[in-house]
Every structure is written in structure tokens, then in C-alpha cells.
Amino acid sequence: MAFLNDETRGQVAEMLSDLPDQVRLLVFTKPAGCQYCDVITELLTEVAETSAQVSTEVYDLTVDTEKAAEYRIDKAPAIALVGAQDYGLRFFGLPSNYEFSTLLHGIQVAGHGAAAHLDAQSKEYLATLDKEVFYQVFVTTSCPHCPPAAAMAYDMAVTSDLVNAEVVEAQEFPRLSSQNNVMGVPLNVINRSERVEGHAPSSQLVAAIKRSLR
Amino acid sequence: MFDFKISGKSQRKSETKQYDLIVVGGGAAGLTCAIYTSRDSIKTLVLEKEATGGLAASTGLIENYPGFPEGISGLELMEKFHQQAERFGATIQEFEEVTEVEPVRKGLLRVHTTEAVYETKLVLLATGSQPKQLNIPGEKELAGRGVSYCATCDGPLFSGQDVVIIGAGNSGLQEGLSVLNYAQSVTFVEFLPHSPAEKILQDRVMGHEKSTFYFNHQVMEIQGDDQVTGVMMQDRESGEIKKLAASGVFIYVGYSPDTKFLQGLVDLNRWGYIESDAEMWTSVEGIMAAGDVRADNPAQVSIAVGDGAKAALAAREYLAAL
């Protein structure tokens, strides 16, 4: 059964038509306890079919442990979006509903090797980073405000080699969500310490990064 | 079973700084106007501080907008508006906030944003409204920690838990329906002695086995330290204070206009809504208003669409006479 209808498939093809770099979508699944692992594999295959520049590779988290470690994947389903280099873009969960936009944004920025929206001041700050930044965005697939927050994280990650961005579908990972006390989305968590609620401007997120590195 | 939506288009900012019409706000009214004007070869820029769609995009299901007999999700409807405006050539820039509208002379206004200054012959203010806050203890402190204004976004996080919805009007009941899909119980607290919502919504929610209603009650405080644990409310008739345990509190007590940056520019009523005439003109020449931000306008997509269309027709006439 195809998940993408013809209209959506056409839109995706258009959005991914001008990627300068190849994008590999590394999908990590597991054989048990993963409600959407089959769906995600099929979905990404359909996405890859729309563009010669996009390909998928499927790994089993329980078998391909070295590959999982290489891409810092510790749960499934997961997607590592890798362009000309690994910019640190990850999506945990099924990118359905509104989060499909986040997946497409991730593919676009990975394929361009550049942010789509990030302002000059944020870029200047990110260029000065000398420590790693672990930037998580918790989302739900029914949240219309979440894709721009996730896009911001991906834009920052593609801009700086020191920023790794994980978008986490909160419902699919209840323990992680509970550990992070996720009660509203989008929720940005920087270096596991600084929380920024909602889709915040880049200046606010840069300030949170600065606080987390003190 | 699964839906895959494409929103928040990846777009590069326009280099052009001169337009015939700048629409401030990319909700139903603004996008409708842009559909009309761009189709009419009026060079139109829509500036939206968030993603386009406005309040309607946060509405789970819109059932009373004509043309969709089964209803349509707010975001999907607004995406169609966005696509239609772009199809006719409107430039739409998301995540760019207007900070000032500066009338220079007849036929020239400057629009200042967080990123640039634009020049235009005409401005349409369609900034819409946003959910009103109660301003009670605990509301601000616990925002994002159980207090929410978006059931569509956060409802799934309260699966199997007890939830309170403050406000049993149209928005409260409509969004309550989505929360009922997840929560163990949903208690609606309404200030009025009755629900002001449409009867069809009342019938759906009041008959639901997981819903409970308190009418004529005022919520005094949202309680909790790190996260919401409940609410304290008062029976407005007896004065009795009651406590309800809950993990989540969703607030739907009406809307307030997004007009702070317009104070001192156009006439506003005492609640901050823009005063305008039947052709959408404000008190300042060259500046129109449309949609929820207009005084005495019910917050309905259909009405915003009508406003946007009327503003576009008035804009065409005005520009032709310049």
C-alpha cells in the first residue's frame, strides 16, 4: 500500500529536485516492540523514489550495532539524514502528519549542506562554538507549530559541525519524554539542561545554547 | 491511517522591497486578499510572523467552512489558501514579524520588519487574534508544564490522564473533542451558567462518557510546582471553593487581537480591535483591516475570507485611482 498519494508525491519530487548533494536516509528499526518500523521503511522508500539524489539504507538496531553506534542511534525507529557529510540530523519516530514536513526540511538542508532560514547573527555565533551542542526538539505529529521548531534545530546543525539535532516524536518515546518532563510541544532541550518551550526565535535558542555551555 | 502533510514551505527570502500591497498576517483573511490581488496582477507581499494559517491552522477540524462536507483540518485548509495565493504570484514570507507601519504620504507606506524595510502603496492589517490568557496564579508559571493553549498539539501527551478544559465555548468544546480521544477524563469549567457553544458541539461533548461539566464556576488558580496537579475553582453562586485534580489544563476563554504594534497608528476600540468601515478602511488612508482583528468581527474562517475578498476589491479600486 502506498502511503503517499500522487499529489503529495509530486510535491515531494519538486521539493527534492534541486539537491546538489546526495542524501542518505539511514533507517534503524528493530524486530520487536516497534509499532511503526515497517511503516517508516516503506515511507522512506517512497520518498527516495521521488528523487535520484535520495537513497535509503535499512539497519536493524539489534544486529547492526556498529552502524548504530557510528550514527549514535540508541532507539528505534530512527532516521539519520546524511548529506555530503553527517551534519548530525536525526529523527526518532515516524515522521507522519505535520512531521512529514520536518523530514523533508531535513533532507533539503542535508542535500544543500546549508540552512534554509537561519539569520546571520545565529550563523556568526555558531561559527564561534568550540564545544558540542546536543539539541533535542520534542514534537507530536498533530502539532502544527512543531515543524518550524524542528527546522530551526536542523538549520543550526547543518550550520555547525558541533551541533547535533535530534527531533523526537514524544508519544513514541514516552520514557524519554517523561525523563524530560515533556508536557507541551514543541519543547527544545539544549545539552539536556536548558529548556525553551514553543517555536522560539533563533536569538532565544542561541541564548539557551550559551547558557548550556557556561 | 497515516497522513503526510507538507507545511512551512522552505523558501528563500524575496529580494524585492517594493510592492503594491503588503498584507500583514497570513491567516484566512490575509491569504484570501492575496489570492484576489495577486490574481489581479497587484504585486502582493504577505508577511507572517509565524507559519501561515493563523488561528485556523491550530483547529483540529473545521466543519462549517463551505465546500468540505466531511470537514477539513484547519492546517490543511490553510495550506490550500497558501498554495492558491502562491499560484497566482503572491510573495509569502513566513517567520518575519512586522514591527512598524509608517505612512509617508498618499500612496507610500514603509513597513518595517525584523529583517527589512519594505515600501508599498497600500497595507492590509490581517494580524488576527490569539488565545486569551486568564492571568491567574499558576498559568504563566506552568505554561508548557501542563498548561496549554493548543489541544491539537499537546492533547496526545495526556493520554490516560485527567484533564481540565477552561471554557466551554466553541473552541473549548471543539478542541475538547480531540482531547477526549486521549485523556482518561475531561472536565470542562465554564464561567457562564451555560455553554455558549453551538448546539451540535454541546450534544457531542456533553453526551461523552468521559466528560464532566461545571457551569457558573470560576477557576482561581492552576496548581502545581514543577507540573500541573490540578485547579482551584469557585462556584459563583454558592461561593464554595472546589479543587480538581488534573495533569493538564487547556485554556479556551476567547481571543485577543494582535495589535500592540499598531497603537497610536490606527483607531482601536477599547479591547484593542481595529475600527474600520464596511470597505475595510481604517482611520488612516492607505491602511485597511480584515479578519479577526477587526472590531465586532466573530472569529470565523468564513467571515475572515469575506473580509479578505472585500479588502482586495477595495484595494484594486484604490490603486487604480492613485
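The values are calculated or read from the model by the stated rules, or taken from the named source; none is laboratory data. Every value quoted in this text rests on a predicted model; they were computed, and no experiment measured them. Glycine also receives a Cβ, built like all others from the backbone with ideal geometry; neighbour counts cover every protein chain displayed.
Within the stretch A:112-129, residues that are within 11 Å of chain B (Cβ to nearest Cβ) reach partners that are of a type in the set (G, A, S) with beta carbons closer than 6 Å, at six or more positions or on different chains, in the pairs A:A116/B:S10; A:D119/A:S202. Residues of the stretch B:218-267 that are at pLDDT 95 or above and among the small types (G, A, S): B:G224, B:G230, B:S238, B:G239, B:A245, B:A246, B:S247, B:G248. Checked against the criteria, B:M206 counts as free of Cβ contacts under 8 Å to residues at least 24 places away in the same chain and surrounded by 15 or more Cβ atoms within 10 Å (Cβ to Cβ). Of all residues in the stretch B:51-74, those satisfying the criterion of being in contact with a helix residue (DSSP H, G or I) (Cβ under 9 Å, 6 or more places away or on another chain), closer than 15 Å to B:L177 by Cβ, part of a loop (DSSP other than H, G, I, E, B) and more than 12 Å from chain A (Cβ to nearest Cβ) are B:E63, B:N64. Within the stretch B:70-119, restricting attention to residues that are of a type in the set (V, I, T) and in contact with an Asp or Glu (Cβ under 7 Å, 6 or more places away or on another chain), the residue that is nearest to B:G30 (Cα to Cα) is B:I92. Pairs under 7 Å by beta carbon, first residue over 12 Å from B:G128 (Cα atoms) in the stretch B:287-316, partner of a type in the set (D, E), six or more apart or different chains? Close Cβ pairs (under 7 Å, with a partner that is of a type in the set (D, E)) amount to B:K310/B:E279; B:A314/B:E279; B:R316/B:D40. Within the option set B:L122, B:L55, being of a type outside the set (S, T, Y) and crowded, with 23+ Cβ neighbours inside 10 Å holds for one residue only, B:L122.
Residue under question is A:L205, and the condition is that it be more than 12 Å from chain B (Cβ to nearest Cβ), assigned to a helix (DSSP H, G or I) and more than 26 Å from B:F4 (Cβ to Cβ); does it hold? So A:L205 passes the test. Note on the stretch A:156-196: residues that are within 14 Å of another protein chain (Cβ to nearest Cβ), crowded, with 24+ Cβ neighbours inside 10 Å and assigned to a helix (DSSP H, G or I) total 1. In summary, strands (runs of 3 or more DSSP E) completely within the stretch B:240-322 and bearing 3 or more residues that are crowded, with 19+ Cβ neighbours inside 10 Å occur at B:248-251, B:287-289. Find all pairs meeting these conditions: Cβ atoms under 6 angstrom apart; at least six residues apart or on different chains; first residue within the stretch B:175-186 and assigned by TED's automatic domain parsing to the domain that holds B:R204; second residue charged (D, E, K, R) and surrounded by 20 or more Cβ atoms within 10 Å (Cβ to Cβ). The qualifying pairs do not exist here. Residues of the stretch A:12-28 that are under 19 Å from B:D3 (Cα atoms) and either surrounded by 17 or more Cβ atoms within 10 Å (Cβ to Cβ) or under 17 Å from the mean Cα position of the chain (by Cα) (or both): A:V12, A:M15.
Contact annotation: residue pairs with Cβ atoms under 6 Å, 6 or more positions apart or on different chains, pairing a residue in the stretch B:98-118 that is without any contact (Cβ under 8 Å) to a residue 24 or more places away in the chain with a partner that is assigned to a strand (DSSP E or B) and of a type in the set (S, T, N, Q), are B:H112/B:T99.
Just to be sure, is A:G83 within 14 Å of chain B (Cβ to nearest Cβ), small (G, A, S) and buried (at least 17 other Cβ atoms within 10 Å of the Cβ)? Judged against the criteria, A:G83 is not a match.
Looking across the stretch A:194-214, just one residue is modelled with pLDDT of 95 or more and hydroxyl-bearing (S, T, Y), and that is A:S212.
Out of all the residues in the stretch B:191-215, which are of a type in the set (V, I, T) and either not in a helix (DSSP H, G or I) or not assigned by TED's automatic domain parsing to the domain that holds B:L180 (or both)? Result: B:T212, single match.
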